[in-house]
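Inspection log for the structure reproduced underneath, given as structure tokens.
Any read-out appearing in this document is the output of simple, stated calculations on the displayed coordinates, not a laboratory observation. Keep in mind it's a predicted model, so treat the numbers as computed, not measured. Please note: Cβ atoms are built from the backbone with ideal geometry, for glycine as well, and neighbour counts cover all protein chains shown.
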Amino acid sequence: MSQSAQTASEHAPRALTTLTDEESLFRQSVREFAEQQIRPLAAEMDEKGKFSADLINQFFDLGLMGIGIPEEYGGQGGSFFNSILAVEELSRVDASAGVIVDVQNTLVNNAVLLWASEEQKRRYFPRLASDTVGAYALSEAGSGSDAFGLATKAEERGDSYVLNGRKLWITNGAEAGLFIVFANISPEKGYRGITAFLVERDFPGFTVGKKEDKLGIRASSTCELILEDCVVGKENVLGEVGKGYKIAIETLNEGRIGIGSQMVGLSQGALEYGVNYTKERQQFGQPVARFQGVQFQIAQVATELEAARLMVYNAARLKDAGENYVMQAAMAKLFSSQVAEHVTSQVVELYGGYGYTKDYPAEKYYRDAKIGKIYEGTSNMQLQTIAKLILGNV
Ligand SMILES: Cc1cc2nc3c(=O)[nH]c(=O)nc-3n(C[C@H](O)[C@H](O)[C@H](O)COP(=O)(O)OP(=O)(O)OC[C@H]3O[C@@H](n4cnc5c(N)ncnc54)[C@H](O)[C@@H]3O)c2cc1C
């Protein structure tokens, strides 16, 4: 090899799926934990619609709830990519576990990291890293895709703001101790009045309402929040007054990569079950995996999953490198949720009639996959973002 070729290959970017030793060890430890501690409880938690409190404590003990929190505040000081790996590995076993850790890291901790004052970081990061679940409250009954049409109001009163309104669909609502709540301080200014507040569960006037009974990710709580003259001190405004819309946009841009990784993880988990089943299931005197038709079905979805994983990893690595990742994040979320729906549907079919029953895990993966096209921006909203970035304002 010539000198110049050697230098070029030394500096060549590595494969997206090549992990550093540290990433590889981290992934392995999350996988072992998920296999040993979550797998035995996943079906029961799904049936009951409740996540084990003991498992959440273990998430904290393992550092999974503060992956990106700097070490000086009690966190792991890990990369965004590490959060993505954790969400993928947890979702491979249980997508509800994946989203609990995902919201904590990619939405709540990230928003605090990017927008909180030093004093707020000192107050909240040690708790978020050790015992306090976080939630991110933007959506309302009347404003989902049109998130900035939110009706929750914040009125200035002395040293505080008084919040009134209701939030809907808030992940981690049942368990959270800290909520990032978006409210409008001057509705006449439209989205320029939106402000983010750090609201603690026991603040006066704050209550967690009804929990939804859902199709999938049933163990992950999704709750209504009620704010009735909820008093929030000015020291709990996150970022600048009137800049909440920016916080929402930027954190959701990152959060989408997390949902992509949830979709990749659950697709991987479903596919592994499907592959094993087809090797065991005998028809026509042989394992169904011997039929080329079945082999091709598996090869097709495995290829789609590989593409989705590369897109998610690329978006995460772009973010860690400080490069623009907005379009790649939207594409990764859009595509991986399509792939997850297809892979899990195919796995139900590979199980035949058994796949349609609750005696086997395929149907749970299929139900869990559906949310990927809905939350953190529906597929249409991802397409809108991608189209805008390609076409500009037309
Ligand atoms: C399980 C779950 C967990 C959630 N967790 C959270 C959370 O933690 N925090 C939070 O703030 N929110 C959360 N959400 C809310 C979620 O982000 C919204 O449900 C989502 O953004 C869609 O909003 P919507 O339900 O009001 O649907 P709508 O906005 O009413 O959309 C209805 C349909 O219209 C389409 N549509 C709307 N506008 C357009 C347009 N301009 N162009 C083309 N199509 C359009 C949509 O794609 C969709 O198909 C959660 C939701 C669920 C179900």
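Based on the Kirkwood radius over alpha-carbon pairs, what is the Stokes-Einstein translational diffusion coefficient of the chain at 25 °C with 0.890 mPa s viscosity, in µm²/s?
Stokes-Einstein gives a translational diffusion coefficient of 113 µm²/s.
Any of Lys319/Lys388; Lys319/Lys370; Lys167/Lys243 with alpha carbons more than 22 Å apart? Name them for me.
The pairs that break the limit, which is 22 Å between Cα atoms, are Lys319/Lys370.
Can you grab the distance from the C-alpha centre of region 348-394 to the C-alpha centre of region 134-160, Å, no decimals?
Cα centroid of region 348-394 versus Cα centroid of region 134-160: 27 Å apart.
Under a straight-distance cross-link criterion of Cα-Cα below 12 Å, which aspartates and glutamates are reachable from Lys234, leaving out those fewer than 8 residues away in the same chain?
Cα-Cα hits under 12 Å: Glu155, Glu156, Asp159.
Given a Förster distance of 22 Å, report the FRET efficiency between Glu235 and Thr378 from their Cβ-Cβ distance, rounded to the nearest 0.05.
E(calc), rounded to 0.05, equals 0.05.
Helix by helix through the chain, keep the DSSP H runs that span 30 Å or more along the axis on Cα and average at least 0.0 on Kyte-Doolittle, and give those back in order.
292-320, 326-350
Go ahead and set up a Gaussian network model of the chain, Cα springs under 10 Å, then flag whichever of Phe284, Phe296, Phe206 fluctuates most.
Residue with maximal mean-square fluctuation among Phe284, Phe296, Phe206: Phe284.
Checking the a/c ratio against 1.5 first, then a/b against b/c, what shape does the Cα gyration tensor give for region 32-175?
It is oblate, given that a/c is not under 1.5 and a/b is not larger than b/c.
Under 10 Å, Cα contacts only: if you run a Gaussian network model on the chain, which one of Lys153, Lys358, Lys319 comes out with the highest mean-square fluctuation?
Result for the chain, Cα springs under 10 Å: Lys358 fluctuates most.
What number, in percent, do you get for the relative contact order of region 4-98 if the mean sequence gap of Cα pairs under 8 Å and at least 6 apart is divided by its residue count?
Relative contact order for region 4-98 comes out at 27 percent.
Specify whether the C-alpha gyration tensor of region 195-302 places it in the rounded, prolate or oblate class, a ≥ b ≥ c being the square roots of the eigenvalues: rounded for a/c under 1.5, otherwise prolate if a/b is larger than b/c and oblate if not.
Taking the square roots of the gyration eigenvalues as a ≥ b ≥ c, region 195-302 is prolate.
Within the chain, what's the longest run with no GluC sites (Glu not before Pro) in a DSSP loop and at most 12 other beta-carbon atoms within 10 Å? Give the range, please.
1-239
Measuring from the lowest to the highest alpha carbon on each principal axis, how far does region 313-357 reach, largest first, in angstroms?
48, 14, 12
Would you give the gap between the C-alpha center of region 66-132 and the C-alpha center of region 284-338, rounded to a whole Å?
25 Å
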